[in-house]
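K.L.:
Take a look at this one; I'll ask things after.
The values are calculated or read from the model by the stated rules, or taken from the named source; none is laboratory data. Keep in mind that what you see is a predicted model, and the values were worked out from it rather than measured. Counting neighbours? That spans all protein chains shown, and the Cβs are built from the backbone with ideal geometry, glycine included. Side chains included, ligands, DNA and RNA excluded: accessible areas come from the protein's heavy atoms. Shrake-Rupley method; radii C 1.70, N 1.55, O 1.52, S 1.80 Å.
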Amino acid sequence: MERSFATEIESLKLGEGATFRGEGILAVTKALLQSGVSYVGGYQGAPVSHLLDVMVQARDYLDTLGVHVESCTNEASACAMLAASINYPARGAVTWKSIVGTNVAADALSNLASAGVVGGALIVVGEDYGEGASVIQERTHAYAMKSSVWLADPRPNLPTIVRTVESAFELSEASNTPVIMELRIRACHVQGEFVARANRAPAVSTRAPLAEPAAFLYDRLSHPPVTFKQEKLKGEVRMPAARRFIVERALNELFAGTRADAGIIVQGGLYNNLVRALQLAGKADAFGASEVPILCLNVVYPLVPDEIAGFCAGKARVLVVEEGQPEYIEQEIATLLRRADLDTRLFGKDLLQSAGEYSTEAILSGVVKFLDADATALAGAQAARDAGARLLGGAVPPRPPTFCVGCPERPVFSAMKLVQQDVGRLHVGADIGCHAFGTFEPFSQGNSILGYGMSLASIAGVTPFQQRRSVAIMGDGGFWHNGLLSGVSSNLFNKGDGLLVIMKNGYTSATGTQELISSPEEALKRMAGAGSATGTQMTIEDTLKGAGVKWLRTVHNYRVGDMMKTLKEALTTAERGLKVIIAEGECQLERQRRIRPINAARQARGERVVRVRYGVDESVCSGDHSCIRLSGCPSLTIKDPTDPLKVDPVAHVNNNCVGCGLCGEVAHAATLCPSFHRTEIVFNPTAWDRLVRRVRAFFIGLVAPRGGSAKGAP
């Protein structure tokens with residue numbers, strides 16, 4: 001895994017009355033156990049990755065409670081797990097990343113929502129929305145509305161988050177409906193504490209199995225003709241039951257203010273930002289006491305008509321603070337006010353920005369307009385921005401994300417860039433994952449991104465009218481997630497003729513380097529040690545051969561020349577059919593995490609350890625910088641030359657180098673200058689090492705220029 005959660009796992013064991021301290025997503029994990037959850041599953045993705053990561057690493061402890069944990073191959077399989085709650089009084093929770101995960105799970109979610117549940121079913125979604133998001137900008141709210149599942153959006157503090165998790169299971173059971181709880185990145189990582197309760201061993205579990213399967217009941221199936229009955233139940237039974245529960249348990253919070261003429265209705269997840277904006281506007285204190293009454297919606301769907309009307313009655317105007325578009329909540333509130341014949345004037349997107357993250361600053365501008373407040377706070381915010389810009393000496397230069405130092409995927413894009421100089425520009429279907437960084441400079445390769453594992457499918461309509469073969473890039477995570485079925489199987493069935501490059505780095509790296517079924521054996525052994533049933537490795541190569549792929553090559557990523565040769569062969573061969581190149585190279589981050597402790601221990605024991613570094617001979621470097629344009633490695637940079645006769649900066653390898661050798665490989669493959677050199681730093685050298693060094697120093701000294709020195713020669 002990306003990190004060890006040993007400390008967090010211990011906090012999951014806290015008992016009645018103990019104080020839990022940590023971040024929001026870990027509080028959710030603890031709340032699941034306090035709620036008596038029977039099973040947990042999901043697919044990783046920020047900002048909710050830690051939930052499943054912790055559960056997977058805590059399998060030994062969860063086994064004592066009888067809780068089943070499963071890492072799912074995609075979000076659809078995770079959502080399908082909740083089928084256990086359709087027939088049985090078993091509480092289940094699954095998790096995935098925001099709208100992209102919900103899109104994948106949509107089919108299963110619709111069927112689950114139609115059939116309804118007996119046991120509580122909770123979906124924890126990381127609502128990755130705003131300027132810093134890593135995915136498309138849509139909201140989960142639309143799915144809640146169209147499938148009639150309830151949507152919680154808790155206020156970002158740990159007690160409220162925990163209460164929402166526990167209440168969500170009860171709400172689900174009271175209304176026989178799944179519940180989605182959306183958490184923004186700030187809610188997931190907010191720090192705080194709450195008073196823990198004892199974990200509950202589930203009534204139905206691996207330690208308390210059912211004596212018999214549930215009796216057959218056709219009404220539990222999302223299948224005609226009962227689907228019409230289920231649709232009627234959604235509106236006539238389930239939603240009224242949900243609204244009663246929301247009111248009886250006071251899930252939404254009312255913060256009374258001193259003003260009677262105005263009020264603010266806000267999504268729970270935005271409450272902290274709203275209070276801060278009110279404080280800056282001089283309408284609230286640092287502890288949240290606001291002059292303006294606030295209705296905090298910890299459940300944003302369904303809304304309770306009487307609750308909304310009761311809050312708005314007698315007020316001249318109400319502001320709805322709703323992040324994202326369309327303004328689903330604002331539109332529904334407008335309808336409810338009209339039906340209640342209330343003339344309260346409603347404000348929302350007319351005063352606030354229509355799209356994007358509602359930061360404190362964004363909310364502040366709307367609040368000032370809504371309250372006709374003194375605009376001093378806005379002027380102060382602008383002054384702070386201007387002062388920051390002056391201190392920085394101007395705008396911060398753009399710095400797009402890029403591959404890690406030594407990333408094995410970078411040399412593949414270097415090879416592709418060099419190949420295109422010979423064969424011409426190619427149409428490249430990009431994909432979700434680390435390899436999407438290849439769309440940035442210096443590679444700038446990728447014409448579309450359509451979804452995780454969808455790159456090969458995305459070139460199906462392009463390839464037939466291209467003179468050259470199109471290329472699809474896919475990671476091993478995307479391959480197992482969706483690419484095998486949607487891409488490979490479809491291409492083979494339709495007798496496609498494209499090229500698929502699979503980045504086999506061993507992990508689902510973009511979501512936190514979780515293990516795959518094809519991960520290196522060391523990783524699978526670690527996973528098995530954490531309670532996995534098996535450590536058996538399944539290879540992508542065998543799977544592709546079994547599917548019917550005839551043209552298949554495996555090339556080590558760092559051998560740029562070999563990769564170029566294989567790419568040219570795939571693009572120019574007369575052989576028809578799908579061609580697959582597996583670019584094999586373990587994720588450098590995982591490799592470094594694995595070998596650094598080993599090397600440190602060996603060095604401490606006095607054993608010989610060798611570290612490889614690369615460098616640039618300044619006297620040879622011409623300052624052309626082609627190496628940088630073809631590599632893009634963060635450790636390959638420039639510096640001012642020490643030679644006064646050189647004007648242009650020279651290439652330089654800084655101390656971040658991990659010794660992957662890409663810079664030298666690119667220089668060789670592209671026939672660039674011979675300025676790169678390889679250095680071996682030997683710790684605890686042997687007598688042979690010392691002898692070799694002395695011999696090298698002697699001969700280098702013979703050919704060194706007069707006045708030069710071989711001292712320290714490698």
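K.L.:
Angle, helix 560-572 long axis vs. longest principal axis of the chain, Cα atoms, 0 to 90°, nearest 10?
P.N.:
70
K.L.:
Expressed as an acute angle from 0 to 90° and rounded to the nearest 10, what is the orientation of the C-alpha long axis of helix 360-371 relative to the principal long axis of the chain?
P.N.:
Approximately 30 degrees, to the nearest ten.
K.L.:
Can you give me the % of accessible surface on region 410-591 that is carbon or sulfur? Probe 1.4 Å, all protein chains present, nothing else counted.
P.N.:
Within region 410-591, the accessible surface is 52 percent carbon and sulfur.
K.L.:
Report ³J(HN,Hα) in whole Hz for each residue of region 337-354, in order, from the Karplus equation J = 6.51 cos²θ - 1.76 cosθ + 1.60 where θ = phi - 60°; Gly and Pro get x.
P.N.:
Rounded to whole hertz, the list is 5, 5, 5, 7, 6, 9, 9, 4, 7, 9, 10, x, 5, 6, 10, 10, 4, 6.
K.L.:
What list of ³J(HN,Hα) values in whole Hz, one per residue of region 443-459 in order, does the Karplus curve 6.51 cos²θ - 1.76 cosθ + 1.60 (θ = phi - 60°) give from phi, with Gly and Pro shown as x?
P.N.:
8, 6, 10, x, 9, 6, 9, 10, x, 5, x, 9, 5, 5, 5, 6, 9
K.L.:
Now a separate question. Quick one: ranking ARG390, ARG608, ARG594 by accessible area, 1.4 Å probe, largest first, what do you get?
P.N.:
ARG390, ARG608, ARG594
K.L.:
Continuing with the same structure: Extending each Cα 7 Å along its Cβ direction at GLU16 and HIS677, get the distance between those two points in nm, one decimal.
P.N.:
A separation of 7.2 nm, rounded to one decimal place.
K.L.:
Then there is this: Which aspartates and glutamates, on any chain, are close to LYS639 with Cα under 19 Å apart, when same-chain ones fewer than 8 places away are left out?
P.N.:
Those aspartates and glutamates meeting the cut-off are ASP617, GLU618, ASP624, ASP648.
K.L.:
Continuing with this model, one more query. As a test, work out the antiparallel percent of DSSP beta bridges whose residues both lie in the chain, rounded to the nearest 5.
P.N.:
30
K.L.:
Let me ask something else. Using alpha carbons only, how many degrees (0 to 90, rounded to 10) separate the axis of helix 239-248 from the longest principal axis of the chain?
P.N.:
Roughly 80 degrees between the two axes.
K.L.:
Using amide H atoms built in the peptide plane, which far-off residues or other-chain residues are under 5 Å from GLY192 H to H?
P.N.:
Sorted by chain and number, the residues that satisfy this are GLY22.
K.L.:
Follow-up question, since we're still on this one. What residues have an amide H closer than 5 Å to that of GLY451, excluding those fewer than 5 places away on the same chain, when H is modeled at 1.01 Å from N in the peptide plane?
P.N.:
Counting only residues 5 or more places away or on other chains, the set is ILE432.
K.L.:
Assuming a ≥ b ≥ c are the square roots of the Cα gyration tensor eigenvalues, decide whether region 410-591 counts as rounded (a/c under 1.5), prolate (otherwise, with a/b larger than b/c) or oblate.
P.N.:
Because a/c hits 1.5 or more and a/b exceeds b/c, region 410-591 counts as prolate.
K.L.:
Rounded to whole Å and sorted largest first, list the principal axis extents of the Cα atoms in region 19-67.
P.N.:
Principal extents (Cα only, largest first): 28, 27, 16 Å.
K.L.:
Moving on to the next point. Say the cut-off is 27 Å between C-alpha atoms; which of LYS97/LYS565; LYS30/LYS283; LYS495/LYS545; LYS30/LYS229 go over it?
P.N.:
Among LYS97/LYS565; LYS30/LYS283; LYS495/LYS545; LYS30/LYS229, the Cα-Cα distance tops 27 Å for LYS97/LYS565; LYS30/LYS283; LYS30/LYS229.
K.L.:
Could you tell me what fraction of 2.2 N^0.38 Å the Cα radius of gyration of region 1-157 comes to, as a two-decimal ratio?
P.N.:
Ratio of Rg to 2.2 N^0.38 Å for region 1-157: 1.02.
K.L.:
With a 1.4 Å probe and all protein chains in place, put ARG694, ARG59, ARG425 in order of accessible area, largest first.
P.N.:
ARG425, ARG694, ARG59
K.L.:
For region 599-612, take each phi angle, set θ = phi - 60°, evaluate the Karplus expression 6.51 cos²θ - 1.76 cosθ + 1.60, and give the result in whole Hz per residue in order, putting x for glycine and proline.
P.N.:
Working through the residues one at a time gives 5, 5, 5, 5, 5, 5, 7, x, 7, 6, 10, 10, 10, 9 Hz.
K.L.:
Give the separation of the Cα centroids, region 630-681 to region 261-298, in Å.
P.N.:
54
K.L.:
Going 7 Å from the Cα of ASP372 toward and past its Cβ, which residues in region 308-334 have a backbone nitrogen under 17 Å from where you end up?
P.N.:
Only 315-319 pass the distance filter.
K.L.:
Averaged per residue, what accessible area in Å² does the chain show with a 1.4 Å probe, protein chains only?
P.N.:
45
K.L.:
What spacing in nm lies between the two simple spin-label points modelled at ARG690 and HIS556, each 7 Å away from Cα in the Cβ direction?
P.N.:
For the pair ARG690/HIS556, the computed spacing is 3.3 nm.
K.L.:
Would you mind classifying region 185-276 by shape? Square roots of the alpha carbon gyration tensor eigenvalues, ordered a ≥ b ≥ c; an a/c under 1.5 is rounded, otherwise it is prolate if a/b is larger than b/c and oblate if not.
P.N.:
Because a/c hits 1.5 or more and a/b fails to exceed b/c, region 185-276 counts as oblate.
K.L.:
While we're here: Using 0.36 nm per residue, how much length does the chain from ALA547 to ASP107 gain when fully extended, once their Cα-Cα distance is taken away?
P.N.:
Once the chain is fully extended between ALA547 and ASP107, it gains 155.9 nm.
K.L.:
Same structure, new question: From the helices alone, meaning DSSP H stretches of at least four residues, give me the mean residue ellipticity at 222 nm for the chain, per-run term -39500 (n - 2.57), in deg cm²/dmol to the nearest 500.
P.N.:
Mean residue ellipticity, 222 nm, calculated: -11000 deg cm²/dmol.
K.L.:
Would you mind computing Rg(Cα) / (2.2 N^0.38 Å) for the chain, counting N as its residues?
P.N.:
Dividing the Cα radius of gyration by 2.2 N^0.38 Å gives 1.10.
K.L.:
Using modelled backbone amide H atoms (1.01 Å from N, in-plane), which distant-in-sequence or interchain residues come within less than 5 Å of GLN445's amide H?
P.N.:
THR439, PHE440
K.L.:
With a ≥ b ≥ c taken as the square roots of the eigenvalues of the C-alpha gyration tensor of region 253-392, please select rounded if a/c is under 1.5 and otherwise prolate if a/b is larger than b/c or oblate if it is not? Present the calculation step by step, with values, prior to reporting the outcome.
P.N.:
On the way: a/c = 2.09, a/b = 1.71, b/c = 1.22.
It is prolate, given that a/c is not under 1.5 and a/b is the larger ratio.
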